[in-house]
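The values are calculated or read from the model by the stated rules, or taken from the named source; none is laboratory data. Note that the structure is a prediction, hence the values are computed from the model and not measured. So basically every Cβ, Gly included, is an ideal-geometry build from the backbone, and we count neighbours across all protein chains shown. For the accessible areas, the whole protein counts, side chains as well, though only heavy atoms, and no ligand, DNA or RNA atoms are used. Shrake-Rupley method; radii C 1.70, N 1.55, O 1.52, S 1.80 Å.
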Amino acid sequence: MKELVVISGKGGTGKTSLVASFAALAKNAVLADCDVDAADLHLVLAPTVERREVFTSGHEAIIRQADCIHCGACLAHCRFDAVKTDGRAAGEAEFTIDPVSCEGCGVCVHFCPVKAIDFPERTCGEWFVSATRHGPMVHARLGIAAENSGKLVSLVRKEARRIAEEQGRQTIIVDGPPGIGCPVIASIGGCSLVLAVTEPTPSGSHDLARVMELAEHFKVPLVVCINKCDINTEVSRQIEQEVKRRGHTVVAHLPYDPVVTQAQMAGQSVVEYANGSLAEQLRGLWQRLEQEMEKIG
Amino acid sequence: MSGETIAYRPIGVIHSEHTTPEDTPAQPVYAQECLGRAEIIPEYADGLRDLEGFSHIYLVYHLHRAGPAKLVTKPFLQDVERGVFATRAPCRPNAIGLSIVELVRREGNVLHLKGVDVLDGTPLLDIKPYTAKFDRIEGTRNGWQDEVDDATARKRGQRGYRPKDAAQNPHARTLVRGGKEVTLTPGMTIAIASGKGGTGKTTVAVNLALTLGGPVRLLDCDVEEPNCHLFLRPKIKNLETVGVPVPVVDALACDACGRCAEICQFGAIAALKNGPLVFAELCHGCGGCLSVCPRHAIREETRPIGAITVGQAGDVEIVTGQLRVGEAKSPPLIRAVKKYARDDRVNIVDCPPGTSCPVIAALRGADFVILVTEPTPFGLHDLKLAVETVRQFGLACGVVINRADIGDSRVKDYCAAESIPVLVEIPHRREIAETYSRGQVLVQVLPEMRALFADLGARIMNWNKSPSRVAP
Amino acid sequence: MKIAVTSRGRTLESPVDPRFGRAEFFILVDADSGAFDVYDNAQNLSAAQGAGIQAAQTVSRLAAEVVITGHCGPKAFRTLGAAGIQVVVGASGSVAEAVQSFKTGKLTPTESPDVEGHWA
C-alpha cells in the first residue's frame, strides 16, 4: 500500500485542488483530509458521511464550586494562567478555570487539598468516514481552540489505512495541513512519498525550504510541484535550482490557470471540470507520482 | 589595594519593556506596573531555591549602557549638581545598579518581576532577598530628595516612560484620511487572521504596517512560516532565544518512586526501575513533577524551541518568531512574540492560519481582527470557521476580500447576513501577483494600493472610535 | 528468559503487530517453558502521544528481557534501552514463528531504532 501526502508549508498554493484532481484520477484509492484545522477537500468531493465519531484528547480541569474552600492552591500551581479569580482575598475569592488556557496538566487537580477539581476527558472535535464519487474518504473537524491536531491527524491516517487494508485499496492520498508543526509532522511520518506544492513567491520558496528540511529530518522521500510557475519564471528557476541542490526533484511546473477557481466554484476537480492543457498536465503529474511511489517500493 | 581589578561574571540577564535609557523609569516606585523578568544562567539555577518565599528581592546589576563616570552630576529628580555617591545616577565609577523589585513568581530559572526600572538586556550580577526584618528603617533623613515634592519626583522619575493610558499618551497621533480626522490609539493591537492559508494575510499585515505612518510594531506570530520579514527586509537589531522549561533529574537524589511519571499527563516521563527517563520534546512545562518530587531531585532547564528577532525597516519595527524545524508546539513561542507588543504604538499581529491553539494564542487580546479571505468556496468555508473562532473570544472583526473578482458574491452575501463589515476589496490583477512574487511591497509600487490600504487603516481606526464598539 | 512480542491477537498463532507503542497486545512468552500470558495494550492505542514510552514501561513492568516487534521508534528504543531490555525489530509472521526466529538467531537485537517517531 502506498501513501502520498501533499503538503505546502505556505497555505493557498493549490494543494487541495491538486488532491481533488488526484482523487479523480486515482483508481482504487482512499482519501484522507489531514488539514483538520481548516478542511476544504469535502467542498469538492461532497462526501456523504457514513460514520461519525467524537474525538477526545487529554483532559481539562473544572472546579466544583460547592466543594471549593477558596484556598488558591490551584492558582499558585498553574503555570498557564488558566486559573481566574474574582480578585477577593484568599479564603473568599471564587476561582474558575478558563478552558482555553487550561493545558490539561492536572497539577491543580493533584494539589487541591479538598479534591474539588474534576478532570474529565476533553472533547476536541469529530472525525468522519464518508463515501465520495472517487472512493472512501476520512476527514475530521477540530473544535475551535482545540489542541492536539497531531493526534487527530494520526487518527485520520490510521483509519484511512484500515479502510485501504480492508477494501484492498492500493493508494492513500492525503491532503496535508499547512505549516511545519505538530499536525504536519503527524501527517508525513512513515508515508511513502511527500509532494510539496509551492509557488514562485518569496513566501513560497522560503516555506518550501522549511518543508524540505522537515522531510529530510523525518527521512521521508519528497518531490516538488511548482504551481502558478509563470507568475515569476525567475523565482521558479531559483526554486528548481535549490530543490536540485538539496537532492530532490521538481516533478511538475503548472501554470496559473483561472480554470482552477472555476472548477472550485462548480464543486469539481480540474480534471473533471475541464479538458484543457492544465487537466492534461495534471494527468501527467499523477502518472509521474505513481511511478515515483512504485520506484520507492 | 589601589588599581586592583575585580571581575564578575553575570549570573543572568534582566529583560524588561524598556529599550531606550531616556524612556526608562529612574526607580522601581516610578515603574510599578512595569513587568520584566530575570533569566538566570542554568548553572546557577540551584541557587534560586526558596527565593519564591520572598515577595521582593534586590537586583544587583551592571549598568551596561551608563556613560563615563562623573563624580558630580545632576540627578534625574533635580537640576542641581550633587556628588554622584549622594545620587543613584548611572554614571558612577563602578556602574553598579540596585533595584528592589517584586518577585511575582519563579519558573525554573526565570524570575517574573514587577516594578522593573531596568533596561532590557541588563547583565545581572546578584540577587538578594529583601526583608522587612532587616531592611525597613523608620524615621530616615532623605537628604536633597526631601527638597523635591512628590508630584515632581513622580513626573521626573518616570522619565520618558508613560503608563498604559492612551488618553494621556504623548505618542498618540492624529491622522487625516479622506477629510476625516482619525486618532490612532497607541497600544491598540490589530490581528490579521484567516481560516485558510495563502489568502493574503501577510500581504495585508505588511502593507497596513507601512501605510499607517509613524512607528508601528509588526509581530509575526505565524512562527511556523514567518514571512513578513521577506518583504520588509529589516535590519536585525536584537535576537532572543525562546525556550520552555523541562525537568532534569538529579540521579543521586532520586529514589525512583515514580511520582513524577504519575503526575505527568503528557507521557514525558517514563518511570523505570532505576529512575525516571525524561522526554523533553513531550514536556509541556507544567512543573508538576518538580512539585510532587518528595526528594527535590528535579530541577528545570530551558529547552530552546525557537528564536525571536527584532528588526527595523523604516518606521516599522518587526518582531519575528521562528519555530525550530521539527518542533511541534508553537504557542509558547507565539506568546513570547506577543510580549513585544508596545503600549506606545499600534501593534499588528500576523496570525498563523487555522482555528486551533496557535491561532488562539496569537488572537487573544487583540482589539480588532482583520479576516482575510477569497471569494471562493474554500475561502467562504474557512472564513466561516474564522468568524466562529473570533466570536467565541468576543473579538470584533472585519473582512478583507482578496482577489475580489475571481469568484462570486457568496462571501459578501455571508458578511451582509452576519453584519460583518467588508473593509476593503483587493482586486485580482496580474501585476499584484507579480509584484508579490518579486518580494516587493504593493503600497511601495502601486499607487492605487496605497490608497486602498490608507482606506483600510482609516476604517479600522474609525471603527475603534465608534461608540457602537460591541463584540458581535 | 521472558520475551514480549507485539501481537494483533491473543494467541501464539496471531500475527506479529508491526507497531510497538500502539500494538494491540503484548504476548509474554517464557522462552524456556513456552508458556505465555496476554496483555491488552488498548489503553495505549488511543494515547495522545508517547505511546512507545508507555508501552516500554509496560514491558519493563512485565520483567521482559527482550522485545520482538516490527518497528521501533526512537523514544521507545531509548526507554527500553534505559530499562535494560533488548529490542528485536523486523519480525513478521506469527508470534510463535517470531520467537523461534529469535531463538535460532535469525532475528537479532538491533542497535538503533529503525523508524522515526510519529509514524502512527
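Summary of values
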item: Residue tally, condition open to solvent by 40 Å² or more (accessible area, probe 1.4 Å), part of a loop (DSSP other than H, G, I, E, B) and of a type in the set (A, V, I, L, M), over region A:244-269; result: 1
item: Residues located in region B:361-381, provided they are charged (D, E, K, R) and modelled with pLDDT under 90; result: B:Arg364, B:Asp367
item: Count of residues meeting criterion [in a loop (DSSP other than H, G, I, E, B), more than 14 Å from chain B (Cβ to nearest Cβ) and surrounded by 16 or more Cβ atoms within 10 Å (Cβ to Cβ)] in region A:88-108; result: 1
item: Test: A:Val197 is assigned to a strand (DSSP E or B) and open to solvent by less than 60 Å² (accessible area, probe 1.4 Å); result: yes
item: Qualifying residue in region A:48-61 (condition: touching a residue at least 40 places away in the same chain (Cβ under 8 Å), surrounded by 24 or more Cβ atoms within 10 Å (Cβ to Cβ) and among the charged types (D, E, K, R)); result: no
item: Qualifying positions in region A:221-232 - in contact (Cβ under 8 Å) with a residue 60 or more places away in the chain and open to solvent by 10 Å² or more (accessible area, probe 1.4 Å); result: A:Pro221, A:Asn227, A:Lys228
item: Qualifying residue in region B:241-260 (condition: more than 30 Å from C:Ala55 (Cα to Cα), more than 14 Å from chain C (Cβ to nearest Cβ) and assigned to a strand (DSSP E or B)); result: yes
item: All positions within region B:342-379 that are among the β-branched types (Val, Ile, Thr) and more than 20 Å from A:Val36 (Cβ to Cβ); result: B:Val346, B:Ile348, B:Val349, B:Val369, B:Ile370, B:Val372, B:Thr376
item: Any chance A:Val114 is assigned to a strand (DSSP E or B) and more than 14 Å from chain C (Cβ to nearest Cβ); result: no
item: Any pair with Cβ under 7 angstrom, 6 or more apart, that starts in region B:211-238 at a residue that is small (Gly, Ala, Ser) and ends at one that is assigned to a loop (DSSP other than H, G, I, E, B); result: B:Gly214/B:Asp315
item: Any hit, region B:204-212, residues being modelled with pLDDT under 90, assigned by TED's automatic domain parsing to the domain that holds B:Ala386 and crowded, with 18+ Cβ neighbours inside 10 Å; result: yes
item: Condition broken by C:Gly84, with the remaining ones in (1) surrounded by fewer than 22 Cβ atoms within 10 Å (Cβ to Cβ); (2) part of a loop (DSSP other than H, G, I, E, B); (3) modelled with pLDDT under 90 satisfied; result: (3)
item: C:Gly9 touching a Pro at 6+ places or on another chain (Cβ under 9 Å) and open to solvent by less than 60 Å² (accessible area, probe 1.4 Å); result: yes
item: Single residue of B:Pro332, B:Pro276 found to be of a type outside the set (A, V, I, L, M, F, W, C) and not assigned by TED's automatic domain parsing to the domain that holds B:Val349; result: B:Pro276
item: Restricting region A:222-243 to residues that are under 14 Å from A:Val197 (Cα atoms) and not in a helix (DSSP H, G or I), the residue that is farthest from the other protein chains (Cβ to nearest Cβ); result: A:Val223
item: Residues of region B:403-437 that turn out to be part of a helix (DSSP H, G or I), touching a residue at least 12 places away in the same chain (Cβ under 8 Å) and either within 11 Å of chain A (Cβ to nearest Cβ) or open to solvent by 30 Å² or more (accessible area, probe 1.4 Å) (or both), as a count; result: 6
item: Any hit, region B:88-105, residues being open to solvent by 80 Å² or more (accessible area, probe 1.4 Å) and among the polar types (S, T, N, Q); result: yes
item: Within region B:1-77, strands (runs of 3 or more DSSP E) holding 3 or more residues that are touching a residue at least 40 places away in the same chain (Cβ under 8 Å), open to solvent by 40 Å² or more (accessible area, probe 1.4 Å) and farther than 23 Å from B:Arg342 by Cβ; result: B:56-62
item: Region C:46-62, residues that are hydrophobic (A, V, I, L, M, F, W, C) and either in contact with a strand residue (DSSP E or B) (Cβ under 6 Å, 6 or more places away or on another chain) or at the interface with another protein chain (Cβ under 9 Å from one of its Cβ atoms) (or both); result: C:Ala47, C:Ala48, C:Ala51, C:Ile53, C:Ala56, C:Val59, C:Leu62
item: Residue count for region B:235-281, restricted to those that are touching a Gly at 6+ places or on another chain (Cβ under 8 Å) and of a type in the set (A, V, I, L, M); result: 10
item: Region C:63-73, residues that are more than 10 Å from chain B (Cβ to nearest Cβ) and either part of a helix (DSSP H, G or I) or hydrophobic (A, V, I, L, M, F, W, C) (or both); result: C:Ala64, C:Val66, C:Val67, C:Ile68, C:Cys72
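Condition check ((1) within 26 Å of A:Glu60 (Cα to Cα); (2) crowded, with 21+ Cβ neighbours inside 10 Å; (3) more than 10 Å from every other protein chain (Cβ to nearest Cβ)) across all residues:
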residue: A:Ala131; (1), (2), (3): no, no, yes
residue: A:Met137; (1), (2), (3): no, yes, yes
residue: A:Leu142; (1), (2), (3): yes, yes, no
residue: A:Ala146; (1), (2), (3): yes, yes, no
residue: A:Lys151; (1), (2), (3): yes, yes, no
residue: A:Val156; (1), (2), (3): yes, yes, no
residue: A:Glu166; (1), (2), (3): no, no, yes
residue: A:Asp175; (1), (2), (3): no, yes, yes
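Per-residue answers, yes or no, for (1) in contact with a Leu (Cβ under 9 Å, 6 or more places away or on another chain); (2) under 17 Å from A:Phe128 (Cβ atoms):
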{"position": "A:Ser21", "(1), (2)": "yes, no"}
{"position": "A:Lys27", "(1), (2)": "no, no"}
{"position": "A:Asp33", "(1), (2)": "yes, yes"}
{"position": "A:Pro47", "(1), (2)": "yes, yes"}
{"position": "A:Ala82", "(1), (2)": "no, no"}
